[in-house]
Amino acid sequence: MIFRQITIELKRLMTRPIYLIAFTVLILLGMGLIYFSVGDGGPAGPGEHAAPDASGYWTAWSALLTVALPVFLLIPVFIGFIAGASLAEDRHSGYWQFALIRVNSRLKWVFGKIVGIFAASFAGSSLSFLLLAVFSFLLYPSAPLDAGIVRFNQEFFSTNPYLYLGLVAVMLGLGAGTMAGVACLASIWIKNPYAVGAFPIAFLLFSIVPYSLTRLQILDLFSLLSLQRTGLSFENITFSWLIYLMVCYGVTIIFFGRESIFNNKKGASR
Amino acid sequence: MNKAMATAKNVGKAYGEHWALKDINLEIMTGEIVGFVGPNGCGKTTLIKILAGLITPTEGTINVPKEGLIPGSAGIGLAMESAPFAAHLSGYKNLELLAYIKNVISTNEIKQAIQIVGLDPGSGKKVGHYSFGMRQRLALAQAIMERPRLLLLDEPTNGLDAQAIIELRDTLKSLAKENGIAIFLASHLLTEVENVCDRVLMVKQGKIKKTFNIKSDNERVPVIVQTTDASDIEKLLIWLKAHGQTYQVIKANEVSIDINMPVPKLVNSLVQANINIEGIIKKAPTLEEEFISLLIKGE
């Protein structure tokens, strides 16, 4: 039953117009950056479109992993924000009652719900990156390969560039899942779905303060999301995201698994 | 044989210091439609949520038996006042998703449920474009599609037009009588509750003030006998005393009698006793009158 519930949540979330619009807009934005920022794709001349590759050529790798980077930051934030607000929406609208009466367990319901939210964020984010990769490879040559265009795990990139892309997709997926998890966490205290949706953005912005004070890598959310820091590696990005995921989703399960969250007079009115 | 499909014993629910419900005792039998009326905030929705198992009572016990359920039945069907469906999906798609959680009914059964409530299962119209009444009907279809034995409805007629209300009334009666579904219905539309329910619980400040049996209470209502003139009243009073009837003189030629016999028999007896009768009125107090006297005036 739990798998069926997860499937339903995925279908509900990923067919929502706002999700599809965000997905399309982000893809188009990425495509635009890949296409227009690179110029004609030929040998780089002097000027603002100087090629990052050592050979002086723009490649699919450099176009994807350098000029499209701003979108990597936006994808997890927006996709995660839309999926993450779904828990608050269900609570606000009363849809949880339809599901809960069939699932017969609050814990199972919230577990199915947040796994669906995580899966929708992960899939949307990873898929948009992979589509941008396909677009980049359709436009530009895949060689020569220059490890200097990536900021971390350069050796791994040189030996397994396609696996590297796959892992970047996974990192972005985990980042989106975390942003959605932050929204889920906010749903415990905030009832308004819009406020809940905006919470990951606020969280991202305010993370600058603790990061500036502590310089802890785990608090440098901007670098973790945009994959823009030399000191990073797939291992420590994964570790950081897993910590966030466990905290956000764990606390959400604990709170939403308890009746008391629905048990106040205001909450009971729906 | 009628079985209790839901039993509440001394149920109470407190939100902090405030008791939303207190000392609720009730049984809902198979095929019975029980109404729950009261002013806003009297605990209607809270009781429905308790019966549905969505929230637990602070005190008392709820028993909704599982045995004897139709295989694959949802057990409980619930339609709340709000109808929170996914706006970007059609009515059918919404129900299909919900039905997939338990996965015990076929697509035909989903379509059938949609048809029962008067919607078109083949329509691709998105729920976001539904009227409020259509959403309410869809919520009812959602509640009945998995063949529940206990149906809990919170304000099901909200937003429905007159024709839809009549159709809903017929649907509920048919579900109760033909399928043996026990229905518990909370509403503020007293006329509708009176028309559809077998029994009505009147609630004020979380407590059941009176149980109004629509049929049996109506059978025991007093009749008002009007005589042609005052001399007939004297003969009537003598006759009433002789036959042990309880009565109350209202006017010079009008007496209210708590009869313990059918009205035709009373008429025959009075004619045989040579009492000239101008008219006989049998008027049960409506639910609205009961509501006003009990819950508003507090009599």
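The values are calculated or read from the model by the stated rules, or taken from the named source; none is laboratory data. Here the structure is a predicted model, which is why all the values come from computation and not from measurement. Because the Cβ atoms are built from the backbone with ideal geometry, glycine has one as well, and the counts that use them run over all protein chains shown. SASA here: full protein model, heavy atoms, side chains in, ligands and nucleic acids out. Shrake-Rupley method; radii C 1.70, N 1.55, O 1.52, S 1.80 Å.
For the reader, a short list of remarks on this structure follows.
- Just one of the listed residues (A:Trp96, A:Trp109) is more than 24 Å from the chain's Cα centre (by Cα), in a helix (DSSP H, G or I) and closer than 19 Å to A:Leu185 by Cβ, and it is A:Trp96.
- Unique residue being open to solvent by less than 50 Å² (accessible area, probe 1.4 Å), at pLDDT below 85 and under 20 Å from the mean Cα position of the chain (by Cα) when the list is B:Ile214, B:Ile183: B:Ile214
- Spans of strands (runs of 3 or more DSSP E) in the range B:219-267 with at least 1 residues surrounded by fewer than 13 Cβ atoms within 10 Å (Cβ to Cβ) and of a type in the set (Asp, Glu): B:254-258
- With respect to the conditions (1) part of a helix (DSSP H, G or I); (2) out of contact with any Phe, Trp or Tyr (no Cβ under 8 Å at 6 or more places or on another chain); (3) closer than 30 Å to A:Val110 by Cα; (4) not charged (D, E, K, R), A:Leu213 falls short on a single one, namely (3).
- Selection within the range A:2-27 - among the β-branched types (Val, Ile, Thr), open to solvent by less than 30 Å² (accessible area, probe 1.4 Å) and within 14 Å of A:Phe118 (Cβ to Cβ): A:Ile6
- Only one of the listed residues (A:Ser233, A:Ser212, A:Ser260) is within 14 Å of chain B (Cβ to nearest Cβ) and surrounded by fewer than 17 Cβ atoms within 10 Å (Cβ to Cβ). That residue is A:Ser260.
- When A:Arg91 is tested against (1) surrounded by fewer than 17 Cβ atoms within 10 Å (Cβ to Cβ); (2) within 14 Å of chain B (Cβ to nearest Cβ), only condition (1) is not met.
- If the condition is being within 14 Å of chain A (Cβ to nearest Cβ), under 17 Å from B:Gly77 (Cβ atoms) and either part of a strand (DSSP E or B) or without any contact (Cβ under 8 Å) to a residue 12 or more places away in the chain (or both), then the range B:7-50 contributes only B:Lys49.
- Filtered residue count, the range B:128-143, keeping only those that are open to solvent by less than 20 Å² (accessible area, probe 1.4 Å), among the small types (Gly, Ala, Ser) and either in contact with a Leu (Cβ under 8 Å, 6 or more places away or on another chain) or outside any helix (DSSP H, G or I) (or both): 3
- Options A:Gly197, A:Gly181, A:Gly177: the member that is buried (at least 23 other Cβ atoms within 10 Å of the Cβ), in contact (Cβ under 8 Å) with a residue 40 or more places away in the chain and closer than 21 Å to A:Ala133 by Cβ: A:Gly177
- For B:Ala79, the criteria (1) open to solvent by 20 Å² or more (accessible area, probe 1.4 Å); (2) under 23 Å from B:Thr171 (Cα atoms); (3) touching a residue at least 60 places away in the same chain (Cβ under 8 Å) hold in every case but one, which is (1).
- For the range B:82-127, a residue qualifies if it is open to solvent by less than 20 Å² (accessible area, probe 1.4 Å) and either in a helix (DSSP H, G or I) or among the hydroxyl-bearing types (Ser, Thr, Tyr) (or both), and the qualifying residues are B:Ser90, B:Gly91, B:Asn94, B:Leu95, B:Leu97, B:Leu98, B:Ala99, B:Ile101, B:Ile110, B:Ala113, B:Ile114, B:Val127.
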